[in-house]
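S.K.: My questions all concern the structure below.
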Amino acid sequence: MTADEFRASTAAPRCPEGLPPALVGLWHDARGDWEVAHRVVQDAGDRDSAWVHAYLHRKEGDLWNAGYWYGRAGRVQAGGSVAQEWVSIVAALCERGEA
């Protein structure tokens, strides 16, 4: 799945099957369900989910918690807008064939 296809899928009533937790979290976040997005990535143990977890805490304004999760993901805390970070994470995951 390309990043454009993933973005388009957020208009569908159901999340596409077979996505890794990080993309499932981003899908729910795009639909305005931060709580479900957070639950999905919090329960996963992989670095990509930690990256999305960091993004979600940054989005809610909890920068200390976001910093912790960026560290767990092996990432530097993002700058710029959270909307741009969402796009960047989706692009990175889709480029690697995670979708």
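Rule-based calculations on the coordinates, nothing more; no lab input. Bear in mind the structure is a predicted one, so any value in this text is a computation, not a measurement. When we count neighbours, we look across all protein chains shown, and the Cβ atoms used for this are built from the backbone with ideal geometry, even at glycine.
S.K.: Please count how many residues of the stretch 1-47 are surrounded by fewer than 19 Cβ atoms within 10 Å (Cβ to Cβ), of a type in the set (D, E, K, R) and assigned to a helix (DSSP H, G or I).
M.R.: 7
S.K.: Filter the stretch 53-99 down to the residues that are in a helix (DSSP H, G or I) and among the β-branched types (Val, Ile, Thr), then identify the one that is nearest to residue 33 (Cα to Cα).
M.R.: By that ranking, first place goes to 82.
S.K.: Name the single residue that is farthest from residue 87 (Cα to Cα) among those in the stretch 24-73 being without any contact (Cβ under 8 Å) to a residue 24 or more places away in the chain and among the basic types (Lys, Arg).
M.R.: 39
S.K.: Hey, can you tell me all the residues within the stretch 40-82 that are acidic (Asp, Glu) and within 14 Å of residue 20 (Cα to Cα)?
M.R.: 43, 46, 48
S.K.: Read through the list (1) over 12 Å from the mean Cα position of the chain (by Cα); (2) closer than 21 Å to residue 15 by Cβ, then give the number of the only condition that residue 80 fails.
M.R.: Tallying (1) over 12 Å from the mean Cα position of the chain (by Cα); (2) closer than 21 Å to residue 15 by Cβ, residue 80 fails exactly one: (2).
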